[in-house]
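Working notes for the structure below.
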Amino acid sequence: MKPVKKAVIPVAGLGTRFLPATKAMPKEMLTIVDRPVVQYAVDEALEAGIEHIVFVTGRNKSAIEDYFDIQPELVETLKASNKTKQIEELERLQLRPGAVSFTRQQLPNGLGHAVWCARDIVGDEPFAILLPDMVSFGRRGCLAGAVELYEKTGGNVVTVEECDPTETDKYGIVGKGEKVGNGFVITDMVEKPKPAVAPSNYYINGRYILQPEIFELLGTQQRGAGNEIQLTDAMKRLSDTQAFHAAPFDGQMFDCGAKDGFIKANVAFALARSDIRDLVLGPIEAMVSGQQKRSDAA
Ligand code: UTP
């Protein structure tokens with residue numbers, strides 16, 4: 001079984017749910033506490049043993065490339081003012097030279113198409129995909145659980161979480177089969193099924209380990225929902241010939257492509273940080289109880 005060493009992070013979407021902020025700024029550069037959303041995905045990939053990150057970018061996304069580059073003038077300025085802590089933090093976050101690639105999706109034709117654009121850089125080996133706007137919060141990153149299961153099962157692995165059973169029509173849902181290691185065999189994959197016909201309430205939450213045969217299928221994939229080339233449609237075809245397993249995530253995923261998910265993530269990460277928690281906890285509690293009093297009085 002080949003190990004998973006490369007991860008594709010697609011960042012070419014338009015981010016329409018976050019307009020007007022995304023008119024001039026990539027949604028992947030919005031900050032959770034003090035680092036951009038995309039940094040959390042990179043940290044999670046490295047924690048899971050990934051050695052090479054492939055970004056699929058698009059127009060107006062050059063801030064992401066700049067963010068992952070060295071800024072010599074900034075480092076010199078920090079040195080001159082003895083800001084050692086900040087220099088160390090920038091060095092810690094720096095990706096190794098040659099361990100990051102950028103390729104462009106010329107038109108936002110969908111997630112499946114974005115992944116297909118990375119085919120030459122990934123080559124003939126299994127690879128991970130992380131949707132960066134899904135931000136993982138927990139004891140360990142979501143992708144680490146997928147890699148752990150992959151090492152037992154090989155094949156293809158997606159990570160899942162349980163959703164409210166009445167809301168299956170918002171997600172890609174998988175059917176649950178026999179238990180394997182920390183996960184289970186996937187018996188079915190359905191995009192946004194009505195609750196009455198959903199095979200389970202486990203939804204695919206944005207992390208994948210796929211075999212390279214997916215690229216050939218993506219290359220011939222017809223447009224699906226939203227007139228876009230959908231990754232799930234090609235995965236469903238791949239599941240005719242290859243096994244798929246699900247790794248349930250034991251933490252929580254925040255959908256930071258949506259305003260409420262982004263705000264919740266900021267609160268959760270701020271409260272989990274020892275340097276920020278005490279600064280924000282009291283004021284948040286006071287705001288919430290003030291709000292409660294106002295709505296009780298109304
Ligand atoms: P989303 O559907 O959440 O992204 O795609 P979006 O299209 O940017 O968002 P909205 O719905 O308009 O607000 C999940 C991930 O896939 C990337 C996005 O950048 C995001 O990280 N993506 C999506 C692409 O790279 N290319 C695409 O054509 C579509």
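Which of the residues spanning region 227-265 are part of a helix (DSSP H, G or I), more than 13 Å from the ligand (Cβ to nearest atom), buried (at least 18 other Cβ atoms within 10 Å of the Cβ) and not charged (D, E, K, R)?
Of everything in region 227-265, those that are part of a helix (DSSP H, G or I), more than 13 Å from the ligand (Cβ to nearest atom), buried (at least 18 other Cβ atoms within 10 Å of the Cβ) and not charged (D, E, K, R) turn out to be Ala234, Met235, Leu238, Ala265.
Regarding region 185-205, can at least one residue be identified that is in contact with a Cys (Cβ under 9 Å, 6 or more places away or on another chain) and either charged (D, E, K, R) or in a helix (DSSP H, G or I) (or both)?
Here is the first cut: in region 185-205, the ones in contact with a Cys (Cβ under 9 Å, 6 or more places away or on another chain) are 201-203, 205.
Those still in the list that are either charged (D, E, K, R) or in a helix (DSSP H, G or I) (or both) too: none.
Within region 185-205, not a single residue is in contact with a Cys (Cβ under 9 Å, 6 or more places away or on another chain) and either charged (D, E, K, R) or in a helix (DSSP H, G or I) (or both).
Every residue in region 1-29 that is within 7 Å of the ligand (Cβ to nearest atom) and either among the acidic types (Asp, Glu) or buried (at least 19 other Cβ atoms within 10 Å of the Cβ) (or both), please. Walk me through it before giving the result.
The first filter runs over region 1-29 and keeps only residues within 7 Å of the ligand (Cβ to nearest atom), leaving 10-18, 27-28.
If the condition is that a residue be within 7 Å of the ligand (Cβ to nearest atom) and either among the acidic types (Asp, Glu) or buried (at least 19 other Cβ atoms within 10 Å of the Cβ) (or both), then Pro10, Val11, Ala12, Gly13, Gly15, Phe18, Lys27, Glu28 are the ones that fit.
Looking for something buried (at least 21 other Cβ atoms within 10 Å of the Cβ) and part of a helix (DSSP H, G or I) - is there at least one such residue anywhere in region 45-59?
Yes - at least one qualifying residue is present in region 45-59.
Which condition number in (1) out of contact with any helix residue (DSSP H, G or I) (no Cβ under 6 Å at 6 or more places or on another chain); (2) assigned to a helix (DSSP H, G or I) is the one that Leu78 fails?
If we test Leu78 against (1) out of contact with any helix residue (DSSP H, G or I) (no Cβ under 6 Å at 6 or more places or on another chain); (2) assigned to a helix (DSSP H, G or I), just (1) comes out false.
Specify the residue that is farthest from Ala12 (Cα to Cα); the eligible residues are those in region 83-109 that are of a type outside the set (A, V, I, L, M) and within 16 Å of the ligand (Cβ to nearest atom).
Step one: filter region 83-109 for residues of a type outside the set (A, V, I, L, M), giving 83-86, 88-89, 91-92, 94, 96-98, 101-106, 108-109.
Keeping just the survivors that are within 16 Å of the ligand (Cβ to nearest atom) gives 101-106, 108-109.
Working: Ser101: 14, Phe102: 11, Thr103: 10, Arg104: 8, Gln105: 6, Gln106: 9, Pro108: 6, Asn109: 9 Å.
So, considering only residues that are of a type outside the set (A, V, I, L, M) and within 16 Å of the ligand (Cβ to nearest atom), the one farthest from Ala12 (Cα to Cα) is Ser101.
Which one of these does Gly206 not meet: (1) within 20 Å of Gly15 (Cβ to Cβ); (2) touching a helix residue (DSSP H, G or I) at 6+ places or on another chain (Cβ under 6 Å)?
Checking Gly206 against (1) within 20 Å of Gly15 (Cβ to Cβ); (2) touching a helix residue (DSSP H, G or I) at 6+ places or on another chain (Cβ under 6 Å), the one that fails is (2).
Just name the residue that is surrounded by the fewest Cβ atoms within 10 Å (Cβ to Cβ) out of those in region 60-82 that are more than 16 Å from the ligand (Cβ to nearest atom) and closer than 30 Å to Leu107 by Cβ.
Let us first name the residues in region 60-82 that are more than 16 Å from the ligand (Cβ to nearest atom), namely 66, 69-82.
Applying the additional criterion that residues be closer than 30 Å to Leu107 by Cβ yields 66, 69.
Working: Asp66: 9, Asp69: 11.
Taking the candidates together, the pick is Asp66.
Taking region 76-108, which residues are among the aliphatic types (A, V, I, L, M), over 19 Å from His52 (Cβ atoms) and at pLDDT 85 or above? Talk me through it step by step, then tell me what you get.
Of all residues in region 76-108, those among the aliphatic types (A, V, I, L, M) come to 78, 80, 87, 90, 93, 95, 99-100, 107.
After this cut, where a residue has to be over 19 Å from His52 (Cβ atoms) as well, the list is 78, 80, 87, 90, 107.
Those that are among the aliphatic types (A, V, I, L, M), over 19 Å from His52 (Cβ atoms) and at pLDDT 85 or above: Leu78, Ala80, Ile87, Leu107.
The values are calculated or read from the model by the stated rules, or taken from the named source; none is laboratory data. Here the structure is a predicted model, which is why all the values come from computation and not from measurement. Counting neighbours? That spans all protein chains shown, and the Cβs are built from the backbone with ideal geometry, glycine included.
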